[in-house]
Amino acid sequence: MRANPSDYEMVAPGSLQAIVSLLAREPGAWLPIAGGTDVMVQYAAGKLPGRKLVSLWNLPELRRIDVTADEIRIGAGCTYTDLRQHALIGRDFPLLAAAARWTGGIANQNRGTLGGNIVNASPAADSLPALLAYEAELILVSVRGERRLPYVTFHTGYKKTKLAPDELIRAICLRRGLSGYLHYSRKVGARNAQAISKVCIAALGRLRGGVIGGEIEDVRIAVGSVAPVPLRLTEVERIVKGKPVDRELAHLARRAVAARIQPIDDIRSTARYRSEVAGNLVAEFIEQLGATAGRPHE
Ligand SMILES: Cc1cc2nc3c(=O)[nH]c(=O)nc-3n(C[C@H](O)[C@H](O)[C@H](O)COP(=O)(O)OP(=O)(O)OC[C@H]3O[C@@H](n4cnc5c(N)ncnc54)[C@H](O)[C@@H]3O)c2cc1C
C-alpha cells in the first residue's frame, strides 16, 4: 500500500563526497534518487524498497561530459536531453543519441538520467544495448575510491547488478575511434516515444577495407527486451565475422538469434513475436552492412 509522503525522508547533501560518506555510514539504508522517473513510479505503486532517499539530482560531479583523445566520459547524472544536445555524442555515438531520443517524451528526457537507466536494470531499457555495442566501461565510486568495470559484466541477472550498497555509478566511458562503422539501431514498440520496447537493438559493423563485397571485419550486436538482461549476441557475431555478406549469411544470422535469446510473453508482446522481430532486425543490420560496407546511412 502507498505510504504517506510525510513517512519519507529525503536529503540532498549536495556533493559526491558527502553522499558516498552517507551511504558508507548506513549501507543499504539510503536509496539514491537521480531524476526520479523510475523511483517515483515505484513510489506511486507502493513498491519503494525504503523510506530514506538521497538526491543525486544536478550534482555537478555527475552532470559533466569530458572528452579526451581516446574516450568520452559521461557523468551518470547526465539526462537524455544532455545526451541529445551533445554534438560529439550525436556524431560519434549515434546509437546512444538515438536511444536518448526514443526514451519517454521530452519531460522524461529532461529528468531521466543514464545512470538511472543502468541501475534500474530493466531488460527493456533503451540505452543499454547501445552501451553494450560501444563496449562501455562504468566508473563506480564509494568511500573506498573508484573502480572501473566493463558494463557487459554489470547486470548479473534480472534486476541484479554488481553495485555495492554503498556505491554509486559516477560515469560511463565510451572509447572513441569508431569511424568507418555502420551504427544501426531500432526500437520496436507501440511507438517510439512513451512506449517500452518490445525489442530493441544496437549494432555496429565494418567490412574489410570499407569496400562493398568485403568480409565482415568487425561486428557487435546487442539486443534488449529478449532476455532477463540486455544481451550482446557474441555467438551470432562469431558466425558472421570474416564472411562476405549475402542473403544466406543474413538468414544464418537470423536463425542463430533465436537460439541465443530467452524472450517471454508479457502485456506488451509475445515471446514468439519478440523472437521473430529480433531475428529480422539482426538480418536487416547484416544486409545494410553489406550494402554500405560500414558507411553510415541516412
Ligand atoms: C513516462 C515514462 C516513460 C519512460 N520511457 C522509457 C523508455 O522509453 N525507455 C527507457 O529505457 N526507460 C523509460 N522510462 C524509465 C526511466 O525514465 C529511465 O530508466 C531513466 O533513465 C531513469 O533515470 P532516473 O534518473 O529518473 O532514475 P531514478 O528513478 O532516479 O533512479 C532509478 C534507479 O537508479 C538508481 N540510481 C540512479 N542514479 C544512480 C547512480 N548514479 N548511481 C547509483 N544508483 C543510481 C536509483 O537508486 C534507482 O534505483 C520511462 C519512465 C517514465 C516515467
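A few comments on the model shown:
- Filter result for Arg147 (more than 8 Å from the ligand (Cβ to nearest atom) and open to solvent by 60 Å² or more (accessible area, probe 1.4 Å)): yes
- Positions within region 1-41 being in contact (Cβ under 8 Å) with a residue 40 or more places away in the chain, within 15 Å of Lys52 (Cβ to Cβ) and among the acidic types (Asp, Glu), in sequence order: Asp7, Glu9
- A single member of Ala121, Ala164 is aliphatic (A, V, I, L, M) and open to solvent by 20 Å² or more (accessible area, probe 1.4 Å), and it is Ala164.
- Single residue of Pro27, Pro60 found to be modelled with pLDDT of 95 or more, over 20 Å from Glu137 (Cα atoms) and not charged (D, E, K, R): Pro60
- Exactly one residue out of Gly189, Gly205, Gly180 is surrounded by 14 or more Cβ atoms within 10 Å (Cβ to Cβ), more than 16 Å from the ligand (Cβ to nearest atom) and at pLDDT below 95, and it is Gly180.
- Of all residues making up region 61-85, the number that are away from the ligand (no atom under 11 Å from the Cβ) and open to solvent by 10 Å² or more (accessible area, probe 1.4 Å): 13
- Once region 229-246 is narrowed to residues that are within 17 Å of Gly213 (Cα to Cα), surrounded by 13 or more Cβ atoms within 10 Å (Cβ to Cβ) and not aliphatic (A, V, I, L, M), the residue that is nearest to the chain's Cα centre (by Cα) is Lys241.
- Scanning region 75-94 for residues being touching a helix residue (DSSP H, G or I) at 6+ places or on another chain (Cβ under 6 Å) and touching a residue at least 60 places away in the same chain (Cβ under 8 Å) gives a total of 2.
- Checklist (1) at pLDDT 90 or above; (2) open to solvent by less than 20 Å² (accessible area, probe 1.4 Å); (3) over 15 Å from Lys198 (Cα atoms); (4) of a type outside the set (Phe, Trp, Tyr) applied to Gln288, failing item: (2)
- In region 86-121, the residue that is farthest from the ligand (Cβ to nearest atom) out of those that are outside any helix (DSSP H, G or I) and within 15 Å of Lys187 (Cα to Cα) is Gly105.
- Annotation: Leu249 fulfils all but one of (1) within 17 Å of Tyr184 (Cβ to Cβ); (2) exposed (fewer than 15 other Cβ atoms within 10 Å of the Cβ); the unmet one is (2).
- When restricted to residues that are surrounded by 20 or more Cβ atoms within 10 Å (Cβ to Cβ) and modelled with pLDDT of 95 or more, region 95-114 contains 10.
- Filtering Val219, Val226 for residues that are away from the ligand (no atom under 15 Å from the Cβ), among the aliphatic types (A, V, I, L, M) and either surrounded by 15 or more Cβ atoms within 10 Å (Cβ to Cβ) or free of Cβ contacts under 8 Å to residues at least 60 places away in the same chain (or both) leaves a single hit, Val219.
- Residue match in region 125-132 (condition: touching a residue at least 12 places away in the same chain (Cβ under 8 Å), assigned to a loop (DSSP other than H, G, I, E, B) and among the polar types (S, T, N, Q)): yes
- Pairs linking a residue in region 236-260 that is without any contact (Cβ under 8 Å) to a residue 40 or more places away in the chain and closer than 18 Å to Ala293 by Cα to a residue that is open to solvent by 60 Å² or more (accessible area, probe 1.4 Å) and of a type in the set (S, T, N, Q), with Cβ atoms under 6 Å and 6 or more positions apart or on different chains, do not occur.
The values are calculated or read from the model by the stated rules, or taken from the named source; none is laboratory data. Because the structure is predicted, anything quoted here is derived from the model rather than measured. Here the Cβ is made from the backbone with ideal geometry for all residues, glycine too, and neighbour counts use every protein chain on show. Just the protein is used for accessible areas: all its heavy atoms, side chains included, with ligands, DNA and RNA removed. Shrake-Rupley method; radii C 1.70, N 1.55, O 1.52, S 1.80 Å.
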